[in-house]
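These notes concern the structure reproduced below.
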Amino acid sequence: MKIYPKIPRYDHPVVPESFFEADDLVIVEKYDGSGFRFTLYDDRYADMYPDPVLNAADGDGCLVFGTRRSIRGNRRDDLDDIDGALHRAVRCLREGIEPTALRDLHDAYDSPLIVYAENLVYSTLDYGYTDRDLPALVGFDVLPYMEIETMTPPGNPYDETFEGFLPTNEAWDVLNRIRNDSAPTAHAFTPATVLEQSSEFDPESFQVPPSSLGDDVRAEGVVVRSDTHDRRVKIVREAFKELNRKQFGRNPDDADSGAAYLVATYCTSARIRKEVRSMVVEEGRDFGVHLTDDLYPRVVEDIWAENWQEIMRLERELVPADVFPLVAKRCVRELRQMETNADLNDADPTTIWHHLE
């Protein structure tokens, strides 16, 4: 399955000035979760699928799924063999998608289709996951296999356009046709919300509205689409960017101190989760935010043990004691994210380990 192309910011150099003068602009809500894609394996088109899909499929009519970069399995797989943060999405494939409708669409396009969606897991924005029922997957794009020229973009990923993807109206028709309206909300599939269609759009003055998932939450941003330009561009509100930096750490280039630079560079989610796994799985400790007091010193120790040679060569003034509170904040946020996603997916927290790339 083709990796979804990167979407540039509205002011990126690859976006032509004429883009916002197009008369077919469609503004769609941008959701904060994790990238997801799926396809129906259809024996009639076996020669069109790449090996990872063929290997993951369990016979004709099987829905194969992946995250942004990896094929992860099929909807018939045992949940115990799947990352816990994907359990709700897989339940959606089992209950919220109509495989027969998708197979019929293969006939219409003379090609299998790839459906791209957002897996609504807690990342940066809390849409009220613990307070309300939310759909599991939000679909936003469709690509026929017959239109795939490359599986990965060459060179600068922002140079790749969306040529070959279904036009917006056709894509939304597909997304609506394959959804099972009778599925419970928590395992439901729904198309992304179209906010407006416009022939005049000023990205500089545009105000991001509340999210369709809850009036008490501002949307992450919007994606502006044009079929005539074969492009999508994004507008992300500044408050979301700052919240994202707090959740996942600042970019090293934005660090305002030596300690902040060290934490931004070396205190990764993978490193924190590695230590959590050791504490819970290997040492038998109960999972929860209460682990923070013992977790953050271990993360700091692991940073120094593994990266001390690089750290000693940093050309920045560094106060080692300042590292500890910054790492502690990152650990709290990481634990809360794992805890929320375990509850959301009805999964054991010890299965929520991987970033879903």
>> Going by what's in this entry, would Arg132 be described as assigned to a strand (DSSP E or B) and modelled with pLDDT under 95?
In response: no
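Table: residues versus (1) surrounded by 20 or more Cβ atoms within 10 Å (Cβ to Cβ); (2) assigned to a helix (DSSP H, G or I); (3) modelled with pLDDT of 95 or more.
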residue	(1), (2), (3)
Pro52	no, yes, no
Asp58	no, no, no
Gly61	no, no, no
Val64	yes, no, yes
Arg72	yes, no, no
Leu86	yes, yes, no
Leu93	yes, yes, yes
Thr100	no, yes, yes
> Which of (1) more than 18 Å from Arg225 (Cβ to Cβ); (2) under 19 Å from the mean Cα position of the chain (by Cα); (3) surrounded by fewer than 21 Cβ atoms within 10 Å (Cβ to Cβ); (4) of a type in the set (Ser, Thr, Tyr) does Tyr158 not meet, given it meets every other one?
Replying inline: (1)
>> Show the residue pairs meeting these rules: Cβ distance below 8 Å; 6+ apart or different chains; first residue within the range 256-277 and modelled with pLDDT under 85; second residue part of a helix (DSSP H, G or I) and among the hydroxyl-bearing types (Ser, Thr, Tyr).
In response: Arg277/Thr350
>> What's the number of the only condition in (1) assigned to a strand (DSSP E or B); (2) hydroxyl-bearing (Ser, Thr, Tyr); (3) more than 19 Å from Lys2 (Cα to Cα) that Ser123 fails to meet?
In response: (1)
> So which residues in the range 179-202 are surrounded by fewer than 17 Cβ atoms within 10 Å (Cβ to Cβ) and at pLDDT below 90, if there are any at all?
Replying inline: Glu196, Gln197, Ser198, Ser199, Glu200, Asp202
> List pairs: first in the range 86-105 and under 13 Å from Phe65 (Cα atoms), second at pLDDT 95 or above and hydroxyl-bearing (Ser, Thr, Tyr), Cβ under 6 Å, 6+ apart or cross-chain?
Replying inline: none
> Hey, which of the strands (runs of 3 or more DSSP E) in the range 135-218, taking only ones fully inside, have at least 2 residues that are touching a residue at least 40 places away in the same chain (Cβ under 8 Å) and over 24 Å from His12 (Cα atoms)?
Replying inline: 137-144, 189-191, 214-218
>> Can you find, within the range 306-328, the residue that is surrounded by the fewest Cβ atoms within 10 Å (Cβ to Cβ) among those that are more than 19 Å from Met279 (Cα to Cα) and charged (D, E, K, R)?
In response: Glu315
>> Tally up the residues in the range 293-305 that are in contact (Cβ under 8 Å) with a residue 40 or more places away in the chain and either among the small types (Gly, Ala, Ser) or surrounded by fewer than 18 Cβ atoms within 10 Å (Cβ to Cβ) (or both), please.
In response: 0
>> If I ask for residues that are touching a Phe, Trp or Tyr at 6+ places or on another chain (Cβ under 7 Å) and within 21 Å of Val319 (Cβ to Cβ), which ones from the range 257-296 would you list?
In response: Tyr296
>> For the range 137-157, give me each residue that is in contact with a strand residue (DSSP E or B) (Cβ under 9 Å, 6 or more places away or on another chain) and modelled with pLDDT under 95.
In response: Tyr145, Ile148
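The values are calculated or read from the model by the stated rules, or taken from the named source; none is laboratory data. Everything numeric in this text was worked out from a predicted model, so none of it was measured. We place every Cβ from the backbone using ideal geometry, glycine too, and count neighbours over all the protein chains shown.
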